[in-house]
């Protein structure tokens, strides 16, 4: 596909510290695509559901290059809701960046370039989008990739522990347990993980503790 014909609708491109997953704390360029078919009750990027501007792929690559970072994260919204996202991911990988994709458990991931690290968010009951999960897609993840559970309360925790065991997720790849900001105290989740000796990685949203809910951070 000719790069000149590829266009994507973007909400923003910005440079910040990665706040989550295995590269937390590393300076990263974020490419946030517009649009999402899900409506998680705790969503902190609802501003990316609508609006945005159309960008040529070549312009996106040039803007990313200007920041001078090695790491790029493609996020949303739900980036895979735009079919041209696949071309963007491949182009970034081809340019030599360490590329990660933040996507929900509701999207097919098999067509994503194998050079890209996929971080898949499995939706808990507390998200109100549990029914959208496509569990068969998790079997495609590699050891260096990640599955994320955002937990709203104890019920979400118990549900996630059950999925962790029944789907043998920790044997497949890294599993992240993250408290929903302002809904579940981080220390409470940490205590539960330690008490149950879970084979998961606890994480908090680093960017929220640094900059709150400020867009573009």
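Descriptive notes on the structure:
- Some residue of the range 2-15 being surrounded by 20 or more Cβ atoms within 10 Å (Cβ to Cβ) and over 28 Å from residue 96 (Cβ atoms): no
- Filter result (part of a helix (DSSP H, G or I), under 16 Å from the mean Cα position of the chain (by Cα) and closer than 16 Å to residue 85 by Cβ) within the range 1-60: 48
- Flag if residue 69 is crowded, with 16+ Cβ neighbours inside 10 Å, in a loop (DSSP other than H, G, I, E, B), modelled with pLDDT of 95 or more and on the phi < 0 side of the Ramachandran plot: yes
- Total residues in the range 189-217, condition surrounded by fewer than 14 Cβ atoms within 10 Å (Cβ to Cβ) and on the phi < 0 side of the Ramachandran plot: 10
- Qualifying residue in the range 148-170 (condition: surrounded by fewer than 15 Cβ atoms within 10 Å (Cβ to Cβ) and at positive phi): yes
- Tally, over the range 81-95, of residues that are in a loop (DSSP other than H, G, I, E, B) and touching a residue at least 12 places away in the same chain (Cβ under 8 Å): 3
- Residue 112 being surrounded by 21 or more Cβ atoms within 10 Å (Cβ to Cβ), part of a loop (DSSP other than H, G, I, E, B) and in contact with a helix residue (DSSP H, G or I) (Cβ under 8 Å, 6 or more places away or on another chain): yes
- Of all residues in the range 24-41, those satisfying the criterion of being touching a strand residue (DSSP E or B) at 6+ places or on another chain (Cβ under 7 Å) and on the phi < 0 side of the Ramachandran plot are 26, 27, 28, 29, 30, 31, 32, 33, 34, 38.
- So residue 214, is it at pLDDT 95 or above and under 26 Å from residue 72 (Cβ atoms): no
- Residue 77 being under 19 Å from residue 167 (Cα atoms) and crowded, with 19+ Cβ neighbours inside 10 Å: no
- Exactly one residue out of 21, 81 is within 26 Å of residue 151 (Cα to Cα) and either at pLDDT below 95 or in contact with a strand residue (DSSP E or B) (Cβ under 6 Å, 6 or more places away or on another chain) (or both), and it is 21.
- Here 76, 105 are screened, and the one residue that is at pLDDT below 95 and in contact with a helix residue (DSSP H, G or I) (Cβ under 8 Å, 6 or more places away or on another chain) is 105.
Each row is one residue, and each column tells you yes or no for (1) under 22 Å from residue 28 (Cβ atoms); (2) at pLDDT below 95.
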site: 113; (1), (2): yes, no
site: 120; (1), (2): yes, no
site: 144; (1), (2): yes, no
site: 159; (1), (2): no, no
site: 181; (1), (2): yes, yes
site: 193; (1), (2): no, no
site: 210; (1), (2): yes, yes
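- Residue check for residue 184: surrounded by 13 or more Cβ atoms within 10 Å (Cβ to Cβ) and part of a loop (DSSP other than H, G, I, E, B): yes
- Candidates are the residues of the range 118-146 that are in contact (Cβ under 8 Å) with a residue 40 or more places away in the chain and either touching a helix residue (DSSP H, G or I) at 6+ places or on another chain (Cβ under 6 Å) or buried (at least 19 other Cβ atoms within 10 Å of the Cβ) (or both); the one that is nearest to residue 42 (Cα to Cα) is 127.
The values are calculated or read from the model by the stated rules, or taken from the named source; none is laboratory data. All values derive from a computational prediction rather than experimental measurement. Quick reminder, even Gly has a Cβ in these numbers, built from the backbone with ideal geometry, and neighbours come from all protein chains shown.
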